[in-house]
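Below: one structure, written as structure tokens.
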Amino acid sequence: QVQLAESGGGLVQAGGSLRLSCAASGTIFSIKTMGWYRQAPGKQRELVAGITSGGSTNYADSVKGRFTISRDNAKNTVYLQMNSLKPDDTAVYYCYADAKLVPWRPGGDYWGQGTQVTVSS
């Protein structure tokens, strides 16, 4: 199994910054994609940013230019640097990983428990 441990959430004023981290552990053969989703109260979970093992990234339009995703493949860790935060960024942020446990089986999606990010106006 794969465990994802998130850290770095908290309370910040609008315009401030936070950095989220997520470390994957367990019996991991490879991780194809890692990234972050978020879910605000009363809303559906949405993709924030993702990054492949090769470094290709994608972002939600709402965070482009403000958030930066990065990854340390050796540590199976993904980071999300969030700058110029807005109250609309308030949500629970979930880390995910598309990981293979063994090379001969398809990968699966694994999720962290979530970390709260609150941006005050």
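The values are calculated or read from the model by the stated rules, or taken from the named source; none is laboratory data. Everything numeric in this text was worked out from a predicted model, so none of it was measured. Quick reminder, even Gly has a Cβ in these numbers, built from the backbone with ideal geometry, and neighbours come from all protein chains shown. Each accessible area value is taken on the protein alone, full model and side chains, heavy atoms only, with ligands, DNA and RNA left out. Shrake-Rupley method; radii C 1.70, N 1.55, O 1.52, S 1.80 Å.
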Suppose every K and R has +1 on its Cβ and every D and E has -1 on its Cβ; what is the size of the dipole of segment 22-79 about the Cα centre, in Debye to the nearest 20? 80 debye
Per-bin percent of Cα-Cα distances, the chain [5 Å]: 2, 12, 23, 24, 18, 10, 6, 2, 1, 0
Per principal axis, descending, Cα span of segment 4-57 in whole Å: 39, 22, 21
Counting only protein heavy atoms and a 1.4 Å probe, tell me what percentage of segment 22-121's accessible area is made up of carbon and sulfur. 47 percent
Calculate one ³J(HN,Hα) per residue across segment 100-105 by plugging θ = phi - 60° into the Karplus curve 6.51 cos²θ - 1.76 cosθ + 1.60, and present them in order as whole Hz with x for glycine and proline. 9, 8, 9, x, 8, 10
Assigning unit charges at the beta carbon (Lys, Arg +1; Asp, Glu -1) and nothing else, what dipole magnitude in debye, to the nearest 20, does the chain show about its Cα centre? 140 debye
Gyration tensor verdict on segment 72-121 (Cα atoms; rounded if a/c is under 1.5, prolate if a/b is larger than b/c, oblate otherwise): prolate
Solvent-accessible area per residue for the chain at a 1.4 Å probe radius, Å²? 54 Å²
